[in-house]
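**Student:** Here it is, the structure, as structure tokens.
Just so you know, all these numbers are worked out from the coordinates, no wet-lab data involved. The structure presented is a predicted model; accordingly, all values stated were derived computationally and were not measured. Glycine gets a Cβ as well: all are built from the backbone with ideal geometry, and neighbour counts include every protein chain shown.
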Amino acid sequence: PRYAVHTFALEVRDESNARLTLGPFTVQVGWDDCDTPAYGPHGRGCGPGAACVNPDMFDHFFTCECVNGGQGQNCDFELSTSAAASVGALSCAGESMADVGVDGEGQLVL
């Protein structure tokens, strides 16, 4: 797990210098889900130029927002305009992922 556990106590003093210790308190501090690529779609991080979207912190899941022309859940591939009429198999990093096509507006259809 990507988190750290910290234990601490709080010591306070009043005007007469009497000391009171509160605690111990234990807190668990987690990293943003976006910092762990395995929490992304298909167990991978977002592609180049994509934005990680993580509305529910620490749930071990995030999505990707394609902002620079990327396509797919991870925004990690692009379609050329010449592919608008073709249908075939999609592969990413050498792995076949799905049969795909492109509609008349150039949008990916799985």
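**Student:** If each residue of separation counts as 0.36 nm, what is the full-extension length gain between residue 4 and residue 53 once their alpha-carbon separation is subtracted?
**Tutor:** Length gained, residue 4 through residue 53: 15.3 nm.
**Student:** Something else now. Quick one: what are the phi-derived ³J(HN,Hα) couplings along the stretch 14-28, Karplus 6.51/-1.76/1.60 with θ = phi - 60°, whole Hz, x for glycine and proline?
**Tutor:** Result, ordered by residue: 9, 4, 8, 6, 6, 9, 9, 10, 9, x, x, 10, 10, 10, 10 Hz.
**Student:** Hey, another quick one. Using 7 Å Cα-to-Cβ label points, what is the residue 35/residue 21 separation (nm, one decimal)?
**Tutor:** 3.0 nm
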